[in-house]
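These notes concern the structure reproduced below.
The values are calculated or read from the model by the stated rules, or taken from the named source; none is laboratory data. What you see is a predicted model, and the numbers here were worked out from it, not measured in a lab. Reconstructed Cβ throughout: ideal geometry from the backbone, glycine too, with neighbour counts over all protein chains shown.
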Amino acid sequence: MEKGAKKKGEARFLVVKSGGRNIKVPIEEIEYAEVLNRKVTLHLSKGEPSIVYYGKISELEALVGEDFFRVHRAYLVHLKYVKSYDAGEVRLESADCIMAKVKYRAFVKAFMRYLVREEKVGS
């Protein structure tokens with residue numbers, strides 16, 4: 001997995017190897033990622049098909065930045081797509097992800113910081 005350079009006015013992206021092909025994935029389009037048996041599945045917004053590759057979710061977490069939060073050892077969610085949450089789960093636009101109870105307080109803080117950042121960008 002490689003991280004694409006960000007140029008002024010250009011979207012950030014990842015390049016992942018899936019099925020023998022290298023695929024450029026815009027970070028903004030990743031709704032959430034999940035891991036199972038060393039396979040990371042990137043679930044994309046806008047009805048795009050999911051992308052599966054071998055890797056570690058911790059490596060992905062380090063690359064994508066502070067707009068994402070690891071709500072469970074198996075799930076990394078993009079805060080942009082959060083619709084609602086409670087101590088047990090996070091509801092996204094197209095799916096629900098389990099929330100580890102020990103992560104709840106940190107998630108709320110990260111989500112509030114995200115909302116403040118977005119408000120400043122939108123102003």
For the stretch 51-64, does any single residue satisfy the condition of being within 11 Å of the chain's Cα centre (by Cα) and assigned to a loop (DSSP other than H, G, I, E, B)? no
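Out of the residues in the stretch 86-96 that are free of Cβ contacts under 8 Å to residues at least 24 places away in the same chain and assigned to a loop (DSSP other than H, G, I, E, B), which is surrounded by the most Cβ atoms within 10 Å (Cβ to Cβ)?
Within the stretch 86-96, the match that is surrounded by the most Cβ atoms within 10 Å (Cβ to Cβ) is A87.
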Do we have A106 as aliphatic (A, V, I, L, M) and modelled with pLDDT under 95 here? no
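Can E34 be described as buried (at least 18 other Cβ atoms within 10 Å of the Cβ) and not aliphatic (A, V, I, L, M)?
Values: buried (at least 18 other Cβ atoms within 10 Å of the Cβ): yes; not aliphatic (A, V, I, L, M): yes.
So E34 passes the test.
Determine which member of the set A106, A100 is over 22 Å from F13 (Cβ atoms), in contact with a strand residue (DSSP E or B) (Cβ under 7 Å, 6 or more places away or on another chain) and either surrounded by fewer than 17 Cβ atoms within 10 Å (Cβ to Cβ) or of a type in the set (S, T, N, Q) (or both).
On the way: A106 fails: in contact with a strand residue (DSSP E or B) (Cβ under 7 Å, 6 or more places away or on another chain).
The unique qualifying residue is A100.
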Just give me the residues in the stretch 108-118 being touching a helix residue (DSSP H, G or I) at 6+ places or on another chain (Cβ under 9 Å) and of a type in the set (A, V, I, L, M, F, W, C), in sequence order. A110, F111, L115
Of the residues in the stretch 21-31, those that are part of a strand (DSSP E or B) and either free of Cβ contacts under 8 Å to residues at least 24 places away in the same chain or surrounded by fewer than 18 Cβ atoms within 10 Å (Cβ to Cβ) (or both) number 5
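Okay, residues lined up against (1) surrounded by fewer than 18 Cβ atoms within 10 Å (Cβ to Cβ); (2) among the polar types (S, T, N, Q); (3) at pLDDT below 95; (4) on the phi < 0 side of the Ramachandran plot:
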| residue | (1), (2), (3), (4) |
| --- | --- |
| G19 | yes, no, yes, no |
| T41 | yes, yes, no, yes |
| K46 | yes, no, yes, no |
| V52 | yes, no, no, yes |
| V71 | no, no, no, yes |
| H78 | no, no, no, yes |
| S84 | yes, yes, no, yes |
